[in-house]
Amino acid sequence: MRTIDWLADPALRSLLLPGLLAGVAIFTAGSVLSVFVVLKRLSFVGQGVSHSAFGGIGIAAVLGLFAAHSPSTGVLTLAIVLAFCVISAVGMALVGDRRAVREDTAIGVFLVASMSLGAVLLAVASRHGRLPGAVAYESILFGQILGISAAEAWVAAGATSVAIVAIWWIRRPLLFWAFDESAAVASGVPGRRSRLVLMSLLALLIVIAMKLVGVILATAVLVLPGATALKLSRRLSRVIAVSIASSLVSLLLGVAVSLEADLPPGATIVLVMTGQFALAIGINALVGRAARGGRDELLSAGA
């Protein structure tokens with residue numbers, strides 16, 4: 001089996017393990033955040049923030065960071081993209097929070113504006129010889145799970161630790177706001193601050209996930225685990241546990257299948273996640289039908 005070969009060979013294992021370790025950190029934090037994303041119907045945010053990265057990539061290209069191949073420029077590029085995505089996420093939250101502009105409209109505006117800015121800046125950088133090819137920024141947009149270095153894995157672990165600690169710190173008001181925003185605001189929970197914190201954490205996770213496995217998985221990890229878990233349970237502690245378990249199984253199974261079948265790992269992981277969601281829908285339908293059947297029998301017996 002090719003998976004065993006990758007784990008047994010020291011050279012191949014050194015390529016695989018940093019990506020897996022970073023994936024475990026990102027998927028754990030992302031699966032917790034996905035519960036809030038699904039509850040607040042913010043699935044479109046993942047697309048908006050991840051595509052906003054084009055603007056940050058354009059700024060890094062104009063500064064000549066793609067022309068200098070060194071670990072420090074790679075970290076600086078990631079920091080610029082992250083800062084641009086966070087600013088975009090905060091802008092979406094502030095503009096979408098106003099009654100004059102719907103939230104999906106605000107996300108769409110920031111998405112197309114950021115992508116257009118990135119395209120213009122990349123053209124300027126290429127014209128001035130600061131973009132020596134398409135490989136550098138494509139690696140950020142589409143991810144390279146087998147190209148993750150140990151340093152990048154530690155950066156991912158550190159960033160996701162910050163996100164998890166922040167969620168734990170504000171878990172009570174954030175959950176109250178996520179389940180019933182009107183009641184939470186009436187009870188003194190700051191709605192705008194909760195939205196800004198959630199959007200900032202989403203931006204942080206999306207940028208780190210994009211570096212690992214690309215835009216598609218960055219969106220999927222913030223939607224599918226929470227959606228799967230909410231189909232199987234309504235108890236919050238159980239929902240978060242199922243969401244984490246679902247995402248980690250998808251990561252490990254998806255990577256194993258991609259190695260065995262020589263397929264793209266990001267796309268394979270997303271398909272495994274989608275299969276889990278379809279299975280959860282089926283289980284939910286069967287449980288609902290069984291519950292209705294039991295209720296009908298009780299009513300018939302009572303009559």
Test result for Leu298, surrounded by 21 or more Cβ atoms within 10 Å (Cβ to Cβ), assigned to a helix (DSSP H, G or I) and at pLDDT below 85: no
Matching residues, the range 176-187, being among the aliphatic types (A, V, I, L, M), surrounded by fewer than 17 Cβ atoms within 10 Å (Cβ to Cβ) and touching a helix residue (DSSP H, G or I) at 6+ places or on another chain (Cβ under 7 Å): Val185
Index of the failed condition, Arg234 passing every other in (1) assigned to a helix (DSSP H, G or I); (2) open to solvent by 60 Å² or more (accessible area, probe 1.4 Å): (1)
Total residues in the range 3-39, condition buried (at least 18 other Cβ atoms within 10 Å of the Cβ) and of a type outside the set (A, V, I, L, M, F, W, C): 7
Pairs, first at pLDDT below 75 in the range 1-26, second surrounded by 16 or more Cβ atoms within 10 Å (Cβ to Cβ) and among the small types (Gly, Ala, Ser), C-beta under 6 Å, six or more apart: Thr3/Ala256
Among the residues listed as Ser72, Ser88, Ser114, the single one being assigned to a helix (DSSP H, G or I) and either at pLDDT below 80 or touching a Leu at 6+ places or on another chain (Cβ under 6 Å) (or both): Ser72
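Table: residues versus (1) surrounded by 15 or more Cβ atoms within 10 Å (Cβ to Cβ); (2) closer than 26 Å to Pro18 by Cα.
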{"position": "Leu252", "(1), (2)": "yes, yes"}
{"position": "Leu259", "(1), (2)": "yes, yes"}
{"position": "Asp262", "(1), (2)": "no, yes"}
{"position": "Ile269", "(1), (2)": "yes, yes"}
{"position": "Met273", "(1), (2)": "yes, yes"}
{"position": "Gly282", "(1), (2)": "no, no"}
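The values are calculated or read from the model by the stated rules, or taken from the named source; none is laboratory data. Quick caveat, the model's predicted, so the values are computed rather than measured. Cβ coordinates were reconstructed from backbone atoms using ideal geometry, including for glycine residues, and neighbour counts include every protein chain displayed. Calculation scope for accessible area: heavy atoms of the full protein, side chains included, ligands and nucleic acids excluded. Shrake-Rupley method; radii C 1.70, N 1.55, O 1.52, S 1.80 Å.
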